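Novice: One structure coming up, written as structure tokens, with questions to follow.
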């Protein structure tokens, strides 16, 4: 066995597992919808099943894995192995011992990290940020998350750094899902964009967004739904994405003016789905706000795509991983 | 002689010199208006005269100083000893060899640093930020400058980090003196506030700001003029300072959400003049925008006051100073 590990990307809509070896080669994978009910125990059970499925695809026994890494939303305590306050997951307001529960079910030791942090660190080690020593990862999905890498090390502050989604881009602006006003996420987060789209439809605006959603068997405007609507040149979708990009440009440029790092990596559900053409549009939207526009940072779409979160979760199980 | 050095704070309106010993005790000081004409040579001449005056007050010969440190606006090249593009100083668009010019006039070696950086580092070593390892300095004056200290070291990025004044706090907002739109400095910088006040007066609004200015023999709304107007409860002054504080609250809270550092130090002409009561108001304005409001950073007025810039400039002449 070549030091085989599992990485789990625990998201609000899906659980993605990758089985990787010491060269970070993906030997097998599995993807399952995140249970919408049953609370943390149901989610833990589904993670265990997905790890089993991915292990089978890789031809290994789950019990023989060196370790399992999990990138999770919410407040992650890596030492205690707990996840709390994961509001994107149903019934996960309290503290749940995810690490011990998975170890009991599967055998191997479990390491927990923040979902965005592990995905951004994967981009540093294996993805779009390899050439850079300092950059910002902006994870554009349901919300807008972020992580900061300075001199090739994560900057965590007092534990909560990287919340670029809650940069105020418009004083007294739109209401954010976090309850505050004018945050970047209020304009660019997929949840806020959906709320805004529904309100505009209630006011009589036309869009195919919700028909595409139904046709795809979704109950939410997923990244795929937005992509399809843009392909069809849906006027409302085009306008809301342009509004999101304007906000991302201002918020990310502000972060660059503050930190002057070399690069920005755009990931997350929407960032990964829309890819480099939209990373380029974000770079364009940043330009008028940059204090040193002649030395703009590079802006890349995340290179590891959908599997980045799971691969990053596997990385934290390695000796020297930043969550040890 | 106890290792005596000079520190020079070169500002748009004044040149402040402090002569300090190795315990950072101030042995003598001088303050002169910055020449409004004659370009860089006139400014260099006035710096030399002020160093002479401060040296005399300290009872030392300028030629016997160990070194002279200068905190300067503009683009500072510490290695070459040049300052370029110092737009707050008259006739200083180009590159001027300030270091060599002062060494030729006075004798001692000259070290150059950025004015805000040296003042913020002085607060770290000797002032309000001593208890913290990571904080943001926000220099609230003609413009809004800043500097970032992480793990007790300045974070410079690619050389231009700390431009918190050009955080976008309002998409499509007010025009900033930098030419961009919606920057924090467009609301909180003294230059922008004066432009705005003049425009409001042209539109018929009443204020005593410009009468106070004339009475004090000023041609600009200095920090002292704003302070006097606030003391007199001048309605326009109160409203514009409240607008500035709202913008500072949003911009600084955004930086805290990104970096999660322990503290904020508010300095600069207005910050120093208005002091802790206004630092407290900024803290209050930050609160609704903080992602982790229950663990808000400490917000302090700069402790070294008017002399902080000059003391900080003297610090860079020490072995181990960050500009060596």
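Novice: Just to be sure, is residue A:165 crowded, with 20+ Cβ neighbours inside 10 Å and within 13 Å of chain B (Cβ to nearest Cβ)? Explain how you work it out, then say what you get.
Specialist: Values: crowded, with 20+ Cβ neighbours inside 10 Å: yes; within 13 Å of chain B (Cβ to nearest Cβ): yes.
Spelling it out, residue A:165 is indeed crowded, with 20+ Cβ neighbours inside 10 Å and within 13 Å of chain B (Cβ to nearest Cβ).
Novice: Still on this model: Tell me which residues, restricted to segment B:21-57, are crowded, with 20+ Cβ neighbours inside 10 Å and more than 19 Å from residue B:99 (Cβ to Cβ).
Specialist: Correct list: B:29, B:30.
Novice: Return yes or no: is residue B:206 assigned to a helix (DSSP H, G or I), away from chain A (no Cβ under 14 Å) and farther than 20 Å from residue A:288 by Cβ?
Specialist: On the way: assigned to a helix (DSSP H, G or I): no; away from chain A (no Cβ under 14 Å): yes; farther than 20 Å from residue A:288 by Cβ: yes.
So residue B:206 fails the test.
Novice: Still on this structure: Out of the residues in segment B:277-307 that are under 16 Å from residue B:139 (Cβ atoms) and part of a helix (DSSP H, G or I), which is nearest to the other protein chains (Cβ to nearest Cβ)?
Specialist: It comes out as B:282.
Novice: For segment A:103-123, name all the residues that are part of a helix (DSSP H, G or I) and under 24 Å from residue A:156 (Cβ atoms). Before the answer, list the steps.
Specialist: Just the residues of segment A:103-123 that are part of a helix (DSSP H, G or I), to begin with: A:103-106, A:115-123.
Scanning segment A:103-123 gives A:115, A:116, A:117, A:118, A:119, A:120, A:121, A:122, A:123.
Novice: Here is a further query. So which of B:53, B:46, B:61 is in contact with a helix residue (DSSP H, G or I) (Cβ under 7 Å, 6 or more places away or on another chain) and farther than 20 Å from residue B:316 by Cβ?
Specialist: B:61
Novice: Residue under question is residue A:218, and the condition is that it be at pLDDT below 95, surrounded by fewer than 23 Cβ atoms within 10 Å (Cβ to Cβ) and away from every other protein chain (no Cβ under 11 Å); does it hold?
Specialist: yes
Novice: Looking at segment B:77-88, can you tell me whether even one residue there is more than 19 Å from the chain's Cα centre (by Cα), modelled with pLDDT of 95 or more and within 14 Å of another protein chain (Cβ to nearest Cβ)?
Specialist: no
Novice: Which of the residues spanning segment A:151-180 are farther than 17 Å from residue B:292 by Cβ and touching a helix residue (DSSP H, G or I) at 6+ places or on another chain (Cβ under 8 Å)?
Specialist: Within segment A:151-180, A:152, A:154, A:169, A:170, A:171, A:173, A:174, A:175 qualify.
Table: residues versus (1) under 14 Å from residue B:141 (Cα atoms); (2) at pLDDT 95 or above.
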residue: B:242; (1), (2): no, yes
residue: B:256; (1), (2): no, yes
residue: B:263; (1), (2): no, yes
residue: B:309; (1), (2): yes, yes
residue: B:317; (1), (2): no, no
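Novice: Here are some conditions: (1) within 24 Å of residue B:152 (Cβ to Cβ); (2) in a helix (DSSP H, G or I); (3) out of contact with any strand residue (DSSP E or B) (no Cβ under 7 Å at 6 or more places or on another chain). Residue B:312 meets all but one. Which one does it not meet?
Specialist: Only one criterion in (1) within 24 Å of residue B:152 (Cβ to Cβ); (2) in a helix (DSSP H, G or I); (3) out of contact with any strand residue (DSSP E or B) (no Cβ under 7 Å at 6 or more places or on another chain) is unmet by residue B:312, namely (3).
Novice: Is it fair to say residue A:159 is surrounded by fewer than 17 Cβ atoms within 10 Å (Cβ to Cβ), over 30 Å from residue B:172 (Cα atoms) and away from chain B (no Cβ under 14 Å)?
Specialist: no
Novice: Do we have any residue at all in segment B:192-207 that's under 30 Å from residue B:131 (Cα atoms) and within 23 Å of the chain's Cα centre (by Cα)?
Specialist: Within segment B:192-207, not a single residue is under 30 Å from residue B:131 (Cα atoms) and within 23 Å of the chain's Cα centre (by Cα).
Novice: Does residue A:91 meet the test of being at pLDDT below 95 and on the phi > 0 side of the Ramachandran plot?
Specialist: So residue A:91 passes the test.
Novice: Out of all the residues in segment B:138-154, which are buried (at least 22 other Cβ atoms within 10 Å of the Cβ), in contact with a strand residue (DSSP E or B) (Cβ under 9 Å, 6 or more places away or on another chain) and either within 12 Å of chain A (Cβ to nearest Cβ) or outside any strand (DSSP E or B) (or both)?
Specialist: Across segment B:138-154, the qualifying residues are B:138, B:141, B:144, B:145, B:146, B:147, B:148.
Novice: If only one of A:62, A:35 is within 30 Å of residue A:178 (Cα to Cα) and over 16 Å from the mean Cα position of the chain (by Cα), which one is it?
Specialist: A:35
Novice: Among (1) more than 14 Å from every other protein chain (Cβ to nearest Cβ); (2) at pLDDT 95 or above; (3) surrounded by 24 or more Cβ atoms within 10 Å (Cβ to Cβ); (4) under 24 Å from residue B:290 (Cβ atoms), there is one condition residue A:189 misses while meeting the rest; what is its number?
Specialist: (1)
Novice: Output the residue which, of all residues in segment A:118-130 that are in contact (Cβ under 8 Å) with a residue 12 or more places away in the chain and surrounded by fewer than 20 Cβ atoms within 10 Å (Cβ to Cβ), is farthest from the other protein chains (Cβ to nearest Cβ).
Specialist: A:126
Novice: Report, by residue number, each residue of segment A:242-275 that is away from chain B (no Cβ under 14 Å) and touching a residue at least 40 places away in the same chain (Cβ under 8 Å).
Specialist: Scanning segment A:242-275 gives A:265, A:266, A:267, A:268, A:269, A:270, A:271, A:272, A:273, A:274.
Novice: Related question: Among residues belonging to segment A:168-183 that are more than 9 Å from every other protein chain (Cβ to nearest Cβ) and closer than 28 Å to residue A:14 by Cα, point out the one that is surrounded by the fewest Cβ atoms within 10 Å (Cβ to Cβ).
Specialist: A:179
The values are calculated or read from the model by the stated rules, or taken from the named source; none is laboratory data. Not measured: the values here are computed from a predicted model. Cβ sites come from the backbone with ideal geometry, for glycine too, and all protein chains shown count toward neighbours.
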